[in-house]
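Heads up, the thing below is written out as C-alpha cells.
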Amino acid sequence: MSHTFNLAQDHDVKQAIADAEQQKKHEEELRNKTRWRRTKETMREWGALSSCHGVPHMAEASSHLALLIWTLILVASFVTFAILFSDTLIQYLKYEKLVVLEMDFTEIEFPSVTICNINPYKYSSISGNPELEALLQIYNDVSSGQTV
C-alpha cells in the first residue's frame, strides 16, 4: 500500500504560495512608486502602529489641519517633558541639603472635651423588662465588688 502525498493539495503549501505571491506583488508596487511616496507610506504605517501617544493620531489624520494640531500637541508635550525633566535632574544633581528645625515651647491650649455615651441601650427601655433589670442589678453588684 503506497501513500502518495500531493504538495499542491496541502493547505500550508497553498498558504505559503499565496504569501509569496502577495509579497511579490507588494514589492512590484513598491518599485513603481517614487522614493518620497514609499517613505511617506512607510512613515504612515509606522505611525499607525506606534505606541507613542499622539503619533497614531498624526499618522491617521484626515486633513493637514488635524496633522498640524496633533503635531503641535506632541511637540508641546515633548518640550514640556524635556524642561521639567532637565529642571528636576539639575536640582537633583546639586545635592543640596536643607534642614529646617523649629522648636516652639509655648503653652498649648487644649480643646474642650465632650463625653459621648456610646451605650446603645437606654435605661428607660431596660427598666420596663424584669429580666433585664435583674441582669443590670447583677452587673452593678459585680462592678461595685459585692458578691452574688
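Would you say Tyr139 is within 57 Å of the chain's Cα centre (by Cα), on the phi > 0 side of the Ramachandran plot and free of Cβ contacts under 8 Å to residues at least 24 places away in the same chain?
No, not satisfied.
Taking the conditions exactly as written (more than 31 Å from the chain's Cα centre (by Cα) and modelled with pLDDT of 85 or more), does Ile17 satisfy them or not?
Spelling it out, Ile17 is indeed more than 31 Å from the chain's Cα centre (by Cα) and modelled with pLDDT of 85 or more.
Just to be sure I understand the filter: pairs with C-beta atoms under 8 Å, separated by 6 or more residues or on different chains, first member in the range 53-76 and touching a residue at least 40 places away in the same chain (Cβ under 8 Å) and within 15 Å of Glu41 (Cα to Cα), second member surrounded by fewer than 16 Cβ atoms within 10 Å (Cβ to Cβ) and among the acidic types (Asp, Glu). Which pairs pass?
If the second residue must be surrounded by fewer than 16 Cβ atoms within 10 Å (Cβ to Cβ) and among the acidic types (Asp, Glu), no pairs are left.
What is the number of the single condition among (1) surrounded by 10 or more Cβ atoms within 10 Å (Cβ to Cβ); (2) at pLDDT 80 or above that Ser127 does not meet?
All conditions are met except number (2).
Matching residues to (1) surrounded by 10 or more Cβ atoms within 10 Å (Cβ to Cβ); (2) of a type in the set (Val, Ile, Thr); (3) part of a loop (DSSP other than H, G, I, E, B):
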| position | (1), (2), (3) |
| --- | --- |
| Lys14 | yes, no, no |
| Ala61 | yes, no, yes |
| Leu65 | no, no, no |
| Leu68 | yes, no, no |
| Thr71 | yes, yes, no |
| Val75 | yes, yes, no |
| Val79 | yes, yes, no |
| Ala82 | yes, no, no |
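The values are calculated or read from the model by the stated rules, or taken from the named source; none is laboratory data. Not measured: the values here are computed from a predicted model. A quick note on method: Cβ atoms are made from the backbone with ideal geometry, for glycine too, and the neighbour counts reach across all protein chains shown.
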